[in-house]
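> One structure coming up, written as structure tokens, with questions to follow.
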Amino acid sequence: GAVVSQHPSWVICKSGTSVKIECRSLDFQATTMFWYRQFPKQSLMLMATSNEGSKATYEQGVEKDKFLINHASLTLSTLTVTSAHPEDSSFYICSAGTESSYNSPLHFGNGTRLTVT
Amino acid sequence: AQSVTQLDSHVSVSEGTPVLLRCNYSSSYSPSLFWYVQHPNKGLQLLLKYTSAATLVKGINGFEAEFKKSETSFHLTKPSAHMSDAAEYFCVVSDEGGKLIFGQGTELSVKP
């Protein structure tokens, strides 16, 4: 079945540094990728939607200059948290959609636990 | 606009007894509905999906859900709970653009 690989699974960084999270579709072409953020004991909140080769569409309240999303190929999207601060500590999850699923994301990565000290 | 409401934040059952996780949705058109399961510090796994075919949808691990338009519900059930079913469950609706809108989640505990 379709697999989405997310890396790293966890990362600890110092305040002010930047962190890059990768999301890869291993056996299918992901025309659309979605990035979510999840706080402890809460639901997933969509941060942005990216289509291969075009700029990401950010949800209201998400700072596009802080959360940089790149979707340069059909198998890779990256989320870079720039100048991270402790309040950015969270669980970040990507998901990928294919044309066969009408671009509805059905395949999720295992998430990245970000801790900013 | 589409939305989902999961009526219980936490459900506790004994192993071997039935599971019922409740979900109500709101949609201005015929929705696509999903149930996902999330184990601690893991991503999400699709249990089942409804996309306007049969109203009773069978998923993995013995779970099933019934789409009831008159009640705007999509409750998740399983006849007999297993310890490994303990996890967080999300009811999700897809909007016209394919974005997933998540419910608040229901934590399922299974007692031995």
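The values are calculated or read from the model by the stated rules, or taken from the named source; none is laboratory data. Remember, it's a predicted structure, so these values are computed and weren't measured experimentally. Because the Cβ atoms are built from the backbone with ideal geometry, glycine has one as well, and the counts that use them run over all protein chains shown.
> Identify all residues within the stretch B:63-84 that are outside any strand (DSSP E or B) and either modelled with pLDDT under 95 or over 13 Å from the mean Cα position of the chain (by Cα) (or both); write none if there are none.
Of the residues in the stretch B:63-84, the ones outside any strand (DSSP E or B) are B:63, B:69-72, B:79-84.
Of everything in the stretch B:63-84, those that are outside any strand (DSSP E or B) and either modelled with pLDDT under 95 or over 13 Å from the mean Cα position of the chain (by Cα) (or both) turn out to be B:LYS69, B:SER70, B:GLU71, B:THR72, B:PRO79, B:SER80, B:ALA81, B:HIS82, B:MET83, B:SER84.
> Output the residue which, of all residues in the stretch A:1-55 that are touching a Gly at 6+ places or on another chain (Cβ under 7 Å) and of a type outside the set (Ser, Thr, Tyr), is surrounded by the most Cβ atoms within 10 Å (Cβ to Cβ).
A:ALA30
> Give the residue that is modelled with the lowest pLDDT, with candidates limited to residues of the stretch B:21-59 that are loosely packed, with under 13 Cβ neighbours inside 10 Å, away from chain A (no Cβ under 11 Å) and touching a strand residue (DSSP E or B) at 6+ places or on another chain (Cβ under 8 Å). I'd like the intermediate steps shown before the answer.
As a first pass, look at the stretch B:21-59 and keep what is loosely packed, with under 13 Cβ neighbours inside 10 Å: B:28-30, B:40-41, B:52-56, B:58.
After this cut, where a residue has to be away from chain A (no Cβ under 11 Å) as well, the list is B:28-30, B:52-56, B:58.
With touching a strand residue (DSSP E or B) at 6+ places or on another chain (Cβ under 8 Å) added as a condition, the list becomes B:52, B:55-56, B:58.
Details: B:SER52: 75, B:THR55: 89, B:LEU56: 94, B:LYS58: 94.
The residue in question is B:SER52.
> Sticking with this one: Do we have A:MET33 as touching a Cys at 6+ places or on another chain (Cβ under 7 Å), part of a strand (DSSP E or B) and within 24 Å of B:GLY103 (Cα to Cα) here? First the steps, then the outcome.
Working: touching a Cys at 6+ places or on another chain (Cβ under 7 Å): yes; part of a strand (DSSP E or B): yes; within 24 Å of B:GLY103 (Cα to Cα): yes.
It is true that A:MET33 is touching a Cys at 6+ places or on another chain (Cβ under 7 Å), part of a strand (DSSP E or B) and within 24 Å of B:GLY103 (Cα to Cα).
> Next question, about the same structure. For the condition of a type in the set (Val, Ile, Thr), within 23 Å of B:ASN41 (Cα to Cα) and within 12 Å of chain B (Cβ to nearest Cβ), what is the one hit in A:ILE12, A:ILE93, A:ILE69, A:ILE21? It would help to see each step written out before you state the result.
Values: A:ILE12 fails: within 12 Å of chain B (Cβ to nearest Cβ); A:ILE69 fails: within 12 Å of chain B (Cβ to nearest Cβ); A:ILE21 fails: within 12 Å of chain B (Cβ to nearest Cβ).
The unique qualifying residue is A:ILE93.
> On to the next question. For the stretch A:57-102, which residues satisfy the criterion of being under 25 Å from A:THR117 (Cα atoms) and assigned to a strand (DSSP E or B)?
Residues satisfying the conditions are A:PHE67, A:LEU68, A:ILE69, A:THR78, A:LEU79, A:THR80, A:VAL81, A:SER90, A:PHE91, A:TYR92, A:ILE93, A:CYS94.
> Can you find, within the stretch A:36-56, the residue that is modelled with the lowest pLDDT among those that are outside any loop (DSSP other than H, G, I, E, B) and more than 9 Å from every other protein chain (Cβ to nearest Cβ)? Steps first, please.
First, the residues of the stretch A:36-56 that are outside any loop (DSSP other than H, G, I, E, B): A:36-38, A:44-51.
Restricting the remaining residues to those that are more than 9 Å from every other protein chain (Cβ to nearest Cβ) gives A:37, A:47-48, A:50-51.
Details: A:ARG37: 95, A:MET47: 95, A:ALA48: 94, A:SER50: 88, A:ASN51: 84.
Top of the filtered list is A:ASN51.
> Would the stretch B:66-84 turn up any residue that is closer than 28 Å to A:VAL11 by Cα, touching a Leu at 6+ places or on another chain (Cβ under 7 Å) and not hydroxyl-bearing (Ser, Thr, Tyr)? It would help to see each step written out before you state the result.
Let us first name the residues in the stretch B:66-84 that are closer than 28 Å to A:VAL11 by Cα, namely B:84.
Those still in the list that are touching a Leu at 6+ places or on another chain (Cβ under 7 Å) too: none.
No, the stretch B:66-84 has no match at all.
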